[in-house]
Protein chains: 2
Amino acid sequence: MLHEEVVSRVRYMLMEGEIPPGARVPERDLCLTLGISRTPLREALKVLAAEGYVVLLPNRGARAAKLTQKDIQDLFEVCESLEAAAGELACLRIADEKVDQISVLHREMVKHYQSRDLPQYYRCNRLIHQAIVDAADNAVLASLYESVTTRIRRARFVAPMPPSHWELAVHEHEAILNALQRRDGTGLSHILRRHLRHKREAVERAGFAESSQPVEQQAKPTRRAAAG
Amino acid sequence: MLHEEVVSRVRYMLMEGEIPPGARVPERDLCLTLGISRTPLREALKVLAAEGYVVLLPNRGARAAKLTQKDIQDLFEVCESLEAAAGELACLRIADEKVDQISVLHREMVKHYQSRDLPQYYRCNRLIHQAIVDAADNAVLASLYESVTTRIRRARFVAPMPPSHWELAVHEHEAILNALQRRDGTGLSHILRRHLRHKREAVERAGFAESSQPVEQQAKPTRRAAAG
DNA sequence: TTCGGAAAATTTGAATGCAAAAATGGTCAA
DNA sequence: TTGACCATTTTTGCATTCAAATTTTCCGAA
């Protein structure tokens, strides 16, 4: 019970950048912070290593995994295939009520777009994509999708969405909903692919801008200047 | 170092059915068998749980995950998408030498088919599919593919391959190699999908035959052999 | 000063110990 | 005979402990 909690909390810390990519994950400090002993923390770190959030160096502890541009590219490529697959399967299996629910979410999202409420827009956006994946009714797919999108989200670029891209995204979502209503699996998968590719292009533009100031916090020679 | 070793060994035991699906994984016994203490074993079990090989019940230990027919279906569906994606990406990125290597593997595989050497045929088969995934040059994709195929392999049905299916598989592999040589990503992904769907149908037929004798061995002590 | 090396301190990996929860077994009553 | 209840045993989850490896610090020599 505790161990699951620890995995969630540390994963969250990694996601939020509280532990920056490349930084060491000091067992002792985290134990104090979380108020637990090393055993459950170490178990959690092993799990997070299996999930790809940290890398374990033998006898040298854990480091928060770094997300290179290539890593992000890889994640997006896989995410694209997973979403496309979800779209196809969803069209085979989704119930009318579920489509209606997504339709409601869609209209809500458009409203947030019109009022330029980005956080709420993102919320609906995620719920829609998640609903499509859920409608695919495939636990493995859902699990991998969760893992991949979470890792992508970790590379959170706070770049504002360009208006033209936002408008395009909304248009694509119209097409997504339409294909879903028509149960056009092939069409839906194509739209989802294009949609994600556009998002990826936007993220990559933001990412390149961001990468000018690397957050290297790993092997810095911290010379304590006679502090005691 | 020890912990990695333990993960591998226990995963192997689960793969091989030494610990049958649904059976309890007794910490103490495994510690004695492996000659280690509970700490590294427990860490390994957490990792295997994250990988989907075991399920952890709070205060009730670990059980080897059961593979239902639905689980296998889910795994095959995802595997299909991953292979298709790998095929598309591989055609974009693969070097000529790599294609030649796969071509060599292919011819070797055909020879094993002609001499009806099933184990060697399977070996080449796997190497070819693995080579295509590697050629996609996507670490995330490779990792997920590894995970999914390993889990599928766990549901090993020792059913002999029907000659007609075997012949079809070889023909499909001709087409796979051909598409790869032509760098026809779309074509390759379609062939890979069809190829895997055929395999899945074969496995499902074998699976249904097998499922007549349920392998429920969960609340029983794991008595091996004594096959006289 | 700067470099090299050895001792001290910190940190990691694994074993053991301890309290709590669950499984087991046995007794008694209906 | 069956079923319920309680004590015993086993197992699990986490904390603590111990040895080994690594990092840091200190000191002397070039």
Any chance A:Glu167 is in contact with a Lys or Arg (Cβ under 8 Å, 6 or more places away or on another chain), at pLDDT 90 or above and away from DNA strand D (no atom under 16 Å from the Cβ): no
Can you spot a residue in the stretch B:206-224 that is modelled with pLDDT of 95 or more and among the aliphatic types (A, V, I, L, M)? no
Being away from chain B (no Cβ under 14 Å), in a helix (DSSP H, G or I), among the basic types (Lys, Arg) and within 11 Å of DNA strand C (Cβ to nearest atom) is the filter here; which residues of the stretch A:1-41 pass it? A:Arg28
Counting only residues that are open to solvent by 30 Å² or more (accessible area, probe 1.4 Å) and within 16 Å of DNA strand D (Cβ to nearest atom), the stretch A:12-33 contains a total of 7
A careful count of residues in the stretch B:45-76 that are closer than 13 Å to A:Val47 by Cα and within 8 Å of chain A (Cβ to nearest Cβ) gives 6
Testing A:Val148 on (1) open to solvent by less than 10 Å² (accessible area, probe 1.4 Å); (2) away from chain B (no Cβ under 14 Å), one condition comes back false. Which one is that? (2)
Selection within the stretch A:113-129 - open to solvent by 80 Å² or more (accessible area, probe 1.4 Å) and aromatic (Phe, Trp, Tyr): A:Tyr122
Note on the stretch B:15-53: residues touching a residue at least 60 places away in the same chain (Cβ under 8 Å) and touching a helix residue (DSSP H, G or I) at 6+ places or on another chain (Cβ under 7 Å) are B:Met15, B:Ile19, B:Glu51, B:Gly52, B:Tyr53
Limited to the stretch A:71-112, what total is found for residues that are among the hydrophobic types (A, V, I, L, M, F, W, C) and open to solvent by 30 Å² or more (accessible area, probe 1.4 Å)? 4
Find all pairs meeting these conditions: Cβ atoms under 9 angstrom apart; at least six residues apart or on different chains; first residue within the stretch B:98-117 and farther than 14 Å from B:Ile132 by Cβ; second residue among the basic types (Lys, Arg). B:His112/B:Arg123; B:Asp117/B:Lys111
Kindly establish whether A:Tyr113 is away from every other protein chain (no Cβ under 13 Å), out of contact with any helix residue (DSSP H, G or I) (no Cβ under 8 Å at 6 or more places or on another chain) and among the hydroxyl-bearing types (Ser, Thr, Tyr). no
Residues that are open to solvent by 20 Å² or more (accessible area, probe 1.4 Å) and more than 13 Å from DNA strand C (Cβ to nearest atom), drawn from the stretch A:42-53: A:Ala50, A:Glu51, A:Gly52
Among the residues of the stretch B:111-130, is there at least one that is touching an Asp or Glu at 6+ places or on another chain (Cβ under 9 Å), at pLDDT 95 or above and β-branched (Val, Ile, Thr)? no
Tell me, please, whether a residue that is in contact (Cβ under 8 Å) with a residue 60 or more places away in the chain, open to solvent by less than 20 Å² (accessible area, probe 1.4 Å) and either assigned to a helix (DSSP H, G or I) or out of contact with any Ser or Thr (no Cβ under 6 Å at 6 or more places or on another chain) (or both) can be found in the stretch A:54-70. no
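The values are calculated or read from the model by the stated rules, or taken from the named source; none is laboratory data. This is a predicted model, so every value here is computed, not measured. Positions of Cβ are generated from backbone atoms using ideal geometry, with glycine treated the same way; all protein chains shown enter the neighbour counts. Surface areas here come from the heavy atoms of the whole protein model, side chains and all, with no ligands, DNA or RNA. Shrake-Rupley method; radii C 1.70, N 1.55, O 1.52, S 1.80 Å.
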